[in-house]
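Please find one structure pasted underneath; my questions will follow.
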Amino acid sequence: MNREAVTIRGRAVSLHSSILNPRFSASTVLCPDPWDYVSLWLQRKHKDKAGFYWGQARQFYRASTMLPHTASPLSSYYCFLNATKALLAARTVSSSKDHGVTGETDTGRCALVNELVRFKTGGVLPALCRVLGEGCQSESTYNLKLLFWNLPFIHRAYTLTYSSASELFLPLEAHGFARKSNSMETWFWGSIQKRYVTAKTKKTLPAGFEHDGGAGSEWVFRRKKRFNWSGRNLDHSLTELIEYHRKIRSYVFPIYATKNRWYLKKSLAEADKVSHSPLPIIYACMHRLSELSRYDPQRLARHLQLQHNWLLAEFLDCAPAQFIHGIAAEITGDEFLVPESFRMERDASTT
């Protein structure tokens, strides 16, 4: 089939970090972190309440960087809570004051599988889920081990910690939107390096996706459903693209870095029990760890001494930046990247 890349102003359209209102035609925002940019954005939009919450989130974020792992979950969680409130306020979405999540320790040994997290139906977390288009009509309980498995930014640490665990995420080598030549028929495609592909890969593609061949070292898949794209009616095409993209983002997630990396989540029976995307999962996990930090710090310290200590430390260290970049993208609709020059300066300062 002859096809061509979908472009806007000569630039190929690809996946976007924002689910709610991605600004595909806007330039990428290059900044070491999104704090100042989002503050100014909210100020220009006269979103004073959201700006207040965002400022509080920033202070809690700073506090977390100076605390040990046994204490940082508390300030990190309040960072997440206030950043989420900023998003809800910016979008004029109301919610009750309840945090929307609670947890408890199951009987048995000190293990992540025995740390339970319950998503409630009312409060801040369910409001976040609903804004992102995720169902939250009934309470659901998960354990931290299962939730950690569903987070791409710590997945390598997870599979090294639990060597028998299945790989859940496939890294995308390339991705984009293709249009059939001389037609408006358009679809999403992605490619995976063949070294990550097994005989079972085709069977574990999410519902609505299919294998699309490949060439050389890459294995290509695509979404079956199509939408119409016409450069002559860009506003209407963008509306269709945003809705189409929202469905894709239920299965493909980013890791925020100097070059954002994208991962396709396989359809595996155990993982399919978790119908939430990374932002609500990160929020819920940090809430449970904040409960341990407040009410049972010795148990949290014990977790940090066991087999899963590195995995837990990776989550505590990396989750704040991942969460804030995700919320910043949802507030503004912009794509954020950390400049390569900033990474080089940071690396030099630590040597």
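With THR70, THR92 as the choices, which residue is out of contact with any Phe, Trp or Tyr (no Cβ under 9 Å at 6 or more places or on another chain) and either touching a residue at least 60 places away in the same chain (Cβ under 8 Å) or part of a helix (DSSP H, G or I) (or both)?
THR70
Would you mind telling me which numbered condition in (1) surrounded by 14 or more Cβ atoms within 10 Å (Cβ to Cβ); (2) farther than 18 Å from LEU146 by Cα; (3) at pLDDT 95 or above GLN298 fails?
(1)
Now a separate question. How do the pairs read when you match residues in the range 324-339 that are under 19 Å from SER64 (Cα atoms) and in contact (Cβ under 8 Å) with a residue 12 or more places away in the chain with residues anywhere that are part of a loop (DSSP other than H, G, I, E, B) and of a type in the set (D, E, K, R), using Cβ under 9 Å and keeping only pairs 6 or more apart or on different chains?
Close Cβ pairs satisfying both conditions: ILE324/ASP33; HIS325/ASP33; ALA328/ASP33; ALA328/ASP334.
Is it the case that some residue within the range 52-61 is in contact with a Leu (Cβ under 7 Å, 6 or more places away or on another chain) and either of a type outside the set (S, T, N, Q) or closer than 21 Å to CYS285 by Cβ (or both)?
Yes, some residue in the range 52-61 is in contact with a Leu (Cβ under 7 Å, 6 or more places away or on another chain) and either of a type outside the set (S, T, N, Q) or closer than 21 Å to CYS285 by Cβ (or both).
Give TYR283, TYR251 a once-over and let me know the one that is under 13 Å from the mean Cα position of the chain (by Cα), farther than 22 Å from PRO320 by Cβ and either in the same structural domain as ALA319 (by TED's automatic domain parsing) or not hydrophobic (A, V, I, L, M, F, W, C) (or both).
Answer to the check: TYR251.
Anything in the range 128-153 that is among the aliphatic types (A, V, I, L, M) and closer than 25 Å to LEU316 by Cβ? List them, or say none.
Within the range 128-153, LEU128, LEU132, LEU144, LEU146, LEU147, LEU151 meet the criteria.
Inspect the range 36-45 for any residue being assigned to a loop (DSSP other than H, G, I, E, B) and crowded, with 20+ Cβ neighbours inside 10 Å and give the result as yes or no.
No, every residue in the range 36-45 fails to be assigned to a loop (DSSP other than H, G, I, E, B) and crowded, with 20+ Cβ neighbours inside 10 Å.
Quickly run through the range 115-137 and pick out the residues that are within 18 Å of the chain's Cα centre (by Cα) and either in a strand (DSSP E or B) or surrounded by fewer than 18 Cβ atoms within 10 Å (Cβ to Cβ) (or both).
PHE119, ARG130, GLY133, GLU134, GLY135
Taking the options TYR263, TYR244, name whichever one is hydroxyl-bearing (Ser, Thr, Tyr), outside any helix (DSSP H, G or I), buried (at least 17 other Cβ atoms within 10 Å of the Cβ) and not assigned by TED's automatic domain parsing to the domain that holds ARG156.
TYR263
Give the number of residues within the range 301-351 that are at pLDDT 95 or above, part of a helix (DSSP H, G or I), among the small types (Gly, Ala, Ser) and surrounded by fewer than 23 Cβ atoms within 10 Å (Cβ to Cβ).
Qualifying residue count, the range 301-351: 3.
Tell me yes or no: at least one residue of the range 138-152 is modelled with pLDDT of 95 or more, under 19 Å from the mean Cα position of the chain (by Cα) and assigned to a strand (DSSP E or B).
yes
Test each condition in (1) in contact (Cβ under 8 Å) with a residue 24 or more places away in the chain; (2) exposed (fewer than 15 other Cβ atoms within 10 Å of the Cβ); (3) over 24 Å from PHE119 (Cα atoms); (4) of a type in the set (Lys, Arg) for ARG222 and report the one that comes out false.
(2)
Further, regarding this structure: Does TYR77 fit the bill of being closer than 28 Å to LEU144 by Cα, modelled with pLDDT of 95 or more and buried (at least 16 other Cβ atoms within 10 Å of the Cβ)?
yes
Filter the range 212-271 down to the residues that are within 25 Å of TRP149 (Cα to Cα) and among the basic types (Lys, Arg) and list them by number.
Residues satisfying the conditions are ARG222, ARG223, ARG246, LYS247, ARG249, LYS259, ARG261, LYS265, LYS266.
The values are calculated or read from the model by the stated rules, or taken from the named source; none is laboratory data. Since the model is a prediction, treat every value here as computed from it, not as a measurement. Glycine gets a Cβ as well: all are built from the backbone with ideal geometry, and neighbour counts include every protein chain shown.
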